[in-house]
Amino acid sequence: MSVYKPEIECATRSYIRAVQSARLIKMAENAYNNVPFYKQKLDEADIKPEDIKSIDDIVKLPFTVKNDLRDNYPFGMFAVPQGELVRIHASSGTTGKQTVVGYTKEDIEIWSECAARSIVGAGGTKDDIIHVSYGYGLFTGGLGMHYGAEHMGATALPVSSGNTKRQVQLLQDFNSDIICCTPSYAMFIGETLRDMGIDPKSLKLRAGILGAEPWTENMRKEIEKLLDIKAYDIYGLSEIAGPGVSFDCEMQDGMHINEDYFYPEVIDPDTLEVLPDGEFGELVFTCIGKEALPLVRYRTRDICALITEKCACGRTTVRMTKPRGRSDDMLIIRGVNVFPSQVEHVLLELGMDPNYFIVVDRKNNLDTMEVQVEMTSAMFSDTVSELESTKKRLESALQSTLNINATVRLMEPGSLPRSEGKAKRVNDMRKI
Amino acid sequence: MFIKQLSVFVENKSGRLAEITAIIAKANIDIRALSIADTTDFGILRLVVDKPAEAEKTLKDAGLTVSLTNVIAVGIPDKPGGFANAMQVLADKEISVEYMYAFVSRDTDRAYLIMRVKDNDAAASILGGSGLELLSEDDVYKM
């Protein structure tokens with residue numbers, strides 16, 4: 001049982017709170033003085049940075065939502081000049097625009113340390129080969145775990161996603177110890193092993209650090225059996241940092257939040273009141289340690305509860321349950337965040353009626369997304385080739401906006417569900 | 001010179017063709033010729049009927065996506081080589097056919113082709129100029 005940073009991860013609660021208080025005070029000043037958006041928000045609420053004297057004062061601060069990032073696209077929420085940034089990542093926004101996040105050198109250091117704590121939480125050591133099968137790029141998954149592995153002195157193997165047979169080959173030839181990917185991809189690799197007739201016991205692999213999409217305890221058991229590993233959950237979102245905001249320890253009983261950098265609250269999404277520990281509500285984070293993007297009470301839209309009882313692993317940090325849903329309509333498909341409004345945006349851009357229905361399913365353990373679109377007179381043609389090119393045009397526009405493959409199904413008019421109030425746009429048939 | 005063809009968007013599900021054709025049957029519309037183009041997800045039902053404008057309205061009122069397209073109807077002798085000959089005429093002038101279907105008549109020794117090409121005018125003048133019989137709307141609708 002090893003802990004990466006015991007002086008904080010196993011510290012007394014009062015020590016952790018003191019660290020949080022000191023950081024919140026500094027962060028409130030940074031946000032107020034350097035982010036016009038926060039200056040305006042605090043001025044409107046008649047709050048001065050001086051009013052923030054301890055972590056208990058956090059409830060005085062306003063909330064931040066994803067659309068605030070969109071409204072200040074691309075760099076308007078940054079508290080430092082662009083020259084101070086050493087990295088930019090981006091994830092899906094609610095419409096065509098990406099949610100952009102930036103990091104100073106110190107921010108990358110913090111994030112890498114948090115990712116390293118997560119790898120150690122999964123039993124990783126500096127002698128391990130960390131096989132990173134998250135995508136590398138604007139998505140935080142790949143580079144986040146990569147830097148975490150390097151931070152702790154382990155060997156990072158930047159495989160990135162895709163080409164599953166090559167993944168298997170590397171697992172066999174390089175003797176990777178820990179794999180980092182989405183749980184659905186871990187399942188897929190496990191099934192590929194089985195199909196190739198490879199006994200998972202013949203691999204050195206002993207753990208998976210799996211995240212970026214919701215999964216169940218049943219999936220955990222299945223992955224553990226298929227790959228003959230222990231499967232650890234990891235949580236993160238690019239707005240807060242990336243993977244490593246919280247992580248499973250060997251007890252696999254709630255994810256430890258790196259709360260010295262990311263202060264968690266759970267609120268009632270309707271009343272915005274902070275809920276008592278243990279109650280389910282919307283998870284909110286404040287980035288008390290970050291310089292470039294000091295998000296204040298950022299509403300993650302993930303529904304979970306905080307666990308404050310001390311964990312048997314020895315860590316004293318607060319834990320969170322697996323997210324059990326969302327307080328908005330965001331879908332996570334193959335680890336990619338998808339908002340139905342993005343589909344609407346694509347249809348309108350192409351001059352089509354925004355009449356659509358999304359069907360999400362999981363086939364052979366991989367998520368599939370079908371966008372059903374009603375055929376209108378304007379889109380119709382008497383030749384198959386023209387209809388197929390309309391379909392392809394739509395599919396490629398969806399691919400470039402959503403960053404995942406979606407198949408388009410052209411439907412007869414009137415065949416999509418209609419409703420009186422808020423339109424039902426999604427049927428998620430996955431059992432997660 | 002051209003005749004009207006109805007094109008109807010149809011989802012691939014069983015019973016759909018019966019439902020759609022029942023709509024025009026109820027309006028007392030007679031089908032002269034038809035073909036179906038199909039893909040995995042959907043099909044296009046193409047119809048030549050006796051009252052195209054009425055049929056279009058009836059189907060639209062029933063909520064279907066319908067379009068009226070100009071196509072060419074050509075009469076050819078119903079004997080070996082009749083069809084090949086007509087195709088050779090188009091091939092010589094490098095006119096390519098987007099789609100086509102055919103039917104034979106009840107009481108003559110003629111066969112009829114319904115075809116859609118990229119450039120209808122060019123194709124019609126070539127076919128007409130080569131001595132092939134081009135059918136008018138009346139010829140077809142009253143058949």
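For chain A, a Gaussian network of Cα nodes joined below 10 Å ranks A:T383, A:T368, A:T99 by mean-square fluctuation, and the top entry is A:T383. Counting, for every residue in B:58-69, the Cβ atoms of other protein chains within 10 Å of its Cβ and taking the mean gives 3. With R₀ fixed at 45 Å, the C-beta to C-beta distance from A:T95 to A:M251 puts the FRET efficiency at about 0.65. Stretched out straight at 0.36 nm per residue, the stretch from B:M1 to B:K26 would grow longer than its current Cα-Cα span by 6.1 nm.
Over the stretch B:3-67, all Cα pairs binned in 10 Å intervals from 0 give whole-percent P(r) values of 22, 61, 16, 0, listed from short to long. Considering only A:V371, A:P269, A:F247, and ranking their Cα positions along the charge dipole of the stretch A:238-386 that arises from unit charges at the beta-carbon of Lys, Arg, Asp and Glu, the one farthest toward the positive end is A:F247. Normalised by 2.2 N^0.38 Å, where N counts its residues, the alpha-carbon radius of gyration of the stretch A:151-271 equals 1.16. With the cut-off at under 16 Å, measuring from each backbone N in the stretch A:295-326 to a point 7 Å along the Cα-to-Cβ line of A:S341 picks out A:299-302.
Which FRET efficiency value, to the nearest 0.05, is calculated for B:A102 and A:D270 with the Förster distance at 56 angstrom and r the Cβ-Cβ distance? Here the calculated transfer efficiency is 0.30. Pairs of Cα atoms nearer than 8 Å and 6+ residues apart set the relative contact order; for chain B it is 29 percent.
In terms of other Cβ atoms within 10 Å, A:I179, A:I240, A:I198, A:I358 run from fewest to most in the order A:I198, A:I358, A:I240, A:I179. At full extension, B:A91 and B:R16 could sit 23.3 nm farther apart than now, given 0.36 nm per residue minus the alpha carbon distance. Of the residues A:A11, A:A305, A:A45, the one that moves most in a GNM of chain A with alpha-carbon contacts below 10 Å is A:A45. In the protein assembly as shown the Cα-Cα distances spread across 10 Å bins starting at 0 as 3, 15, 21, 18, 13, 10, 9, 7, 3, 1, 0 percent of all pairs. Strictly over 21 Å apart at the Cα level, which of B:K26/B:K57; B:K4/B:K118; B:K13/B:K118; A:K391/B:K13 would you flag in this model? Checking Cα-Cα distances, B:K13/B:K118 exceed 21 Å.
Each Cα pair under 8 Å and six or more residues apart adds its sequence gap; the mean of these over the residue count of the stretch B:70-141 is a relative contact order of 43 percent. Rounded to two decimals, the Cα radius of gyration of the stretch B:70-141 over 2.2 N^0.38 Å is 1.02. By the compact-protein rule of thumb, 2.2 N^0.38 Å, the alpha-carbon radius of gyration of the stretch A:338-414 corresponds to a ratio of 1.07.
The charge dipole of chain A, taken about its Cα centre with unit charges on the Cβ atoms of Lys, Arg (+1), Asp and Glu (-1) only, comes to about 680 debye. Here the sum of -39500 (n - 2.57) over DSSP H runs of 4 or more residues, divided by the residues of chain A, equals -9500 deg cm²/dmol at 222 nm, to the nearest 500.
Computed about its Cα centre, the charge dipole of the stretch A:339-421 is approximately 240 debye, with only Lys, Arg, Asp and Glu carrying charge at their Cβ.
A cut-off under 11 angstrom between Cβ atoms defines the neighbours of A:D328, and their net charge, with Lys, Arg +1 and Asp, Glu -1, is +1. Modelled spin labels at A:V426 and A:T125, positioned 7 Å past Cα toward Cβ, are 4.3 nm from each other. Here the stretch B:70-141 is assigned +1 on the Cβ of each Lys and Arg and -1 on the Cβ of each Asp and Glu. Its dipole about the Cα centre then comes out at about 200 debye.
Checking the cross-link filter: which aspartates and glutamates have an alpha carbon closer than 17 Å to that of A:K165, excluding same-chain neighbours under 8 positions apart? Leaving aside aspartates and glutamates fewer than 8 places away in the same chain, those within reach of A:K165 are A:D173, A:E191, A:D195, A:D199. Rounded to 0.05, the FRET efficiency of the A:N364 and A:A18 pair, given R0 = 41 Å and the Cβ-Cβ distance, is 0.25.
From its DSSP helices (H runs of at least four residues, each -39,500 (n - 2.57)), chain B gives a residue-normalised ellipticity at 222 nm of -9500 deg cm²/dmol. Have a look at A:V338, A:V284, A:V65 and tell me which one the Gaussian network model of chain A (Cα, springs below 10 Å) gives the largest fluctuation. Between A:V338, A:V284, A:V65, it is A:V65 that shows the largest mean-square fluctuation. List residues of the stretch A:189-224, by number, whose backbone nitrogen lies under 19 Å from a label position 7 Å along Cα→C-beta of A:Q172. It comes to A:189-206, nothing else.
Label separation (A:N33 vs A:S389): 6.0 nm, computed from points 7 Å beyond Cα along the C-beta direction. For the stretch A:6-327, relative contact order (Cα pairs under 8 Å, six or more residues apart, normalised by length) works out to 18 percent. Extents of chain B, largest first, come to 42, 33, 26 Å (Cα atoms, principal axes, whole angstrom). When you filter the trypsin sites (Lys or Arg not before Pro) in the stretch A:1-54 for DSSP loop state and at most 15 other Cβ atoms inside 10 Å of their Cβ, you are left with A:K53.
From the cross-link list A:K225/A:K322; A:K66/A:K392; A:K424/B:K51; A:K221/A:K424; A:K5/A:K225, which pairs have alpha carbons spaced over 28 Å apart?
Result: A:K66/A:K392; A:K424/B:K51; A:K221/A:K424; A:K5/A:K225 exceed 28 Å.
Read-outs: derived from the displayed coordinates by stated rules, not from any lab. Bear in mind that the values here come from a model prediction, so they are computed numbers and not experimental data. Ideal geometry is used to build each Cβ from the backbone, glycine not excepted, and the neighbour counts take in all protein chains shown.
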